[in-house]
1. Show the residue pairs meeting these rules: Cβ distance below 7 Å; 6+ apart or different chains; first residue within region 31-46 and more than 23 Å from Phe73 (Cβ to Cβ) and within 9 Å of the ligand (Cβ to nearest atom); second residue acidic (Asp, Glu) and at pLDDT 95 or above.
2. Would you check which residues across region 120-167 are under 17 Å from Pro187 (Cα atoms) and within 13 Å of the ligand (Cβ to nearest atom) and list them?
3. Filter region 186-239 for residues that are basic (Lys, Arg) and part of a loop (DSSP other than H, G, I, E, B); which is modelled with the lowest pLDDT?
4. Looking at (1) touching a Pro at 6+ places or on another chain (Cβ under 9 Å); (2) at pLDDT 95 or above; (3) farther than 15 Å from Pro72 by Cβ, which is the only condition Gly104 fails?
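The values are calculated or read from the model by the stated rules, or taken from the named source; none is laboratory data. Nothing here was measured: the structure is a model prediction, and the numbers come from that model. In this analysis, Cβ positions are derived from the backbone assuming ideal geometry, glycine residues included, and neighbour counts consider all displayed protein chains.
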Amino acid sequence: MKGKHVRSNCSDFAGGLEQLAAEIRDCRICVEAPERAPLPHDPRPVLQVSRTARLCICGQAPGTRVHRSGRPFTDPSGDRLRSWMGIGPDLFYDPDRLAIVPMGFCFPGLDAKGGDLPPRPECRKAWHDQLFAAMPQIELVLVIGQYAQAYHLGTRRRKSLTETVANWRDYWEEAPEPGKPRVLPLPHPSWRNNAWLKKNRWFETDLLPVLRNEIARLLGPGDGDRGGTCMDVQLAAGT
Ligand code: SF4
């Protein structure tokens with residue numbers, strides 16, 4: 001082990017979520033102990049977690065804009081995702097209500113054609129199991145992209161990413177495993193999916209209303225001290 005934030009075995013983690021999040025933010029595995037070519041820049045893990053969020057977004061990995069901002073979904077994909085969800089930035093970036101856990105926490109770099117590389121596999125192996133174990137209150141995970149589908153759906157995935165999303169009702173209606181959150185696969189909100197969205201109108205007519213209803217339930221004022229009417233305001237702002 002070359003550095004104090006490089007673990008050879010993370011399964012014995014016994015600290016709380018706050019300590020775990022702090023360790024992730026200091027993580028240098030992909031520079032100091034990478035499985036393949038090291039990350040070509042300093043790690044900048046981007047995630048949003050808390051002990052109270054009941055909804056979690058699980059996507060791929062930061063792109064260049066998010067790497068620069070250090071905040072998840074600060075790009076046109078984020079704008080579209082918030083529009084799909086019917087919420088504005090204030091609610092989206094409230095960690096007490098919404099967790100954001102991409103499959104790779106750091107920008108993985110670009111391939112020869114200028115596209116984003118896949119999420120670093122080291123991240124999932126080191127952090128995700130213990131991170132989700134430390135957030136047992138999560139009730140729903142919005143799963144975006146093939147790597148998140150592989151992690152959250154496993155063998156329940158269909159043959160293709162599109163087929164998995166097209167069968168969203170099956171995942172929505174099945175009872176989750178005890179202690180596990182419900183999972184809802186979504187297409188990526190990137191402009192690259194404009195043609196797909198045009199072709200698959202059911203996404204807007206069938207899936208989005210269900211998603212927004214569930215979001216109103218999960219992000220709305222809760223039992224105790226949440227109170228207030230910001231959910232109404234932000235729902236209006238995001239639609
Ligand atoms: S991508 Fe994940 S494992 Fe790699 S340095 Fe960043 S936080 Fe650590």
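1. Pro34/Glu122
2. Hit for region 120-167 is Tyr147, nothing else.
3. So the residue we want is Arg226.
4. The number of the failed condition is (3).
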